[in-house]
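Every number here is computed from the coordinates shown, using simple stated rules; none is lab data. This is a predicted model, so every value here is computed, not measured. All Cβ positions, glycine included, derive from the backbone under ideal geometry; neighbour counts span all protein chains shown.
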């Protein structure tokens, strides 16, 4: 196993590499992968993006289930990757270890919290990488770095040995440069389920697209049209009804109300005892969680359950939902706080559609704006992970895919499919 490559992107954790040789045979034999530094490897300390966490913890006794499965399938682990502290972040900026480079657009952030994993794959250092996705942490960096990424159905991939953040949201996701490999990795990691029928209806979420900036909608439009031509029916829908008291931009606040309580429940004692040198992991930042009562959490979860049912009703078994992955291009490194918030809040609302409902979501490297990758996502019903993976391959695999790859690794439609799916008065049949 060759682990001597030069990490010119700052993607990997400093110090000696954590490596495991893959089995000599298996579906992933000969491939290399990296794992976010919140996955345990026996005999090594899981650093979780925090020097205080690393200092106050001992080496892991066992290796995370996802890493074991990949190694047994033939893939070799060649290192652990950088991340936001304890995975509580969205842009990939770490005050202690720095920000991994975004190989697609180096002046901009890579996205987080699985920043190093996305950087390593986009930079060609590994074939694929593991990340965790709670609120956004695989889908967002995949979109900003021009990669394929998946957040699976909640519970479909074992999280044993992955440091928890918010158990109601935590999933194991992965990054690749091709849809075929995204599917290959899924065949190893996803638990066995009854195969679902291929989706025949594409649902275009109007209120999700209105959260995106106009230039993002314009860039995504031809790709949406080309994808729509692959379905027998196309319908425009809203996640939240127009006359509702709160729109889709409200979703993230409801998700956060539960998440911050769970983050404090999982890590609050350690924060109080250790007093980490961190603006992120502090009683002030997590005050809502620290001061919440069981009744507060129960009320927040009740609202979450309503949102969960709303989203699931929108996606019948024969359909997939199409949404923009992000609302705009990646912010520049070192951007002002106001700029980061203006990007993060609507983007996290888009991410919360699948997150609150526990549904699978794949992001495709759909387009570029000002040389910055932006993603387009497909969300399926519960357990529809394999259908989404097959759809990604159908759109991008084979010698003549409906969406072809450009040299800069972004998707381009091979031909126009007619009227705009995003702006027409009614969907096509």
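Remarks
- Our estimate of slack between residue 21 and residue 250, defined as 0.36 nm per intervening residue step minus the Cα-Cα distance, is 77.9 nm.
- Helix-only [θ]222 nm of the chain, DSSP H runs n ≥ 4, -39500 (n - 2.57) each, per residue, nearest 500: -10500 deg cm²/dmol
- Structure remark: mean-square fluctuation, Gaussian network model of the chain, C-alpha springs under 10 Å; the largest value among 191, 243, 37 belongs to 243.
- Across region 32-413, counting alpha-carbon atoms alone, Rg and Dmax equal 19.2, 58 Å.
- By average C-beta atoms within 10 angstrom, highest first, the peptides 137-145, 200-208: 137-145, 200-208
- Candidates 257, 265, 64: whichever shows maximal mean-square fluctuation once the chain is modelled as a Gaussian network with Cα springs under 10 Å: 265
- Each Cα pair under 8 Å and six or more residues apart adds its sequence gap; the mean of these over the residue count of region 32-413 is a relative contact order of 19 percent.
- Percent antiparallel among DSSP beta bridges (both partners in the chain, rounded to 5): 65 percent
- Chain lengthening between residue 198 and residue 313 when straightened (0.36 nm per residue, less Cα-Cα): 39.6 nm
- Full extension of the segment from residue 288 to residue 341, taken as 0.36 nm per residue of separation minus the current Cα-Cα distance, would add 17.2 nm.
- Only Cα pairs under 8 Å and 6+ residues apart enter the sum, and on that basis the relative contact order of region 118-200 stands at 34 percent.
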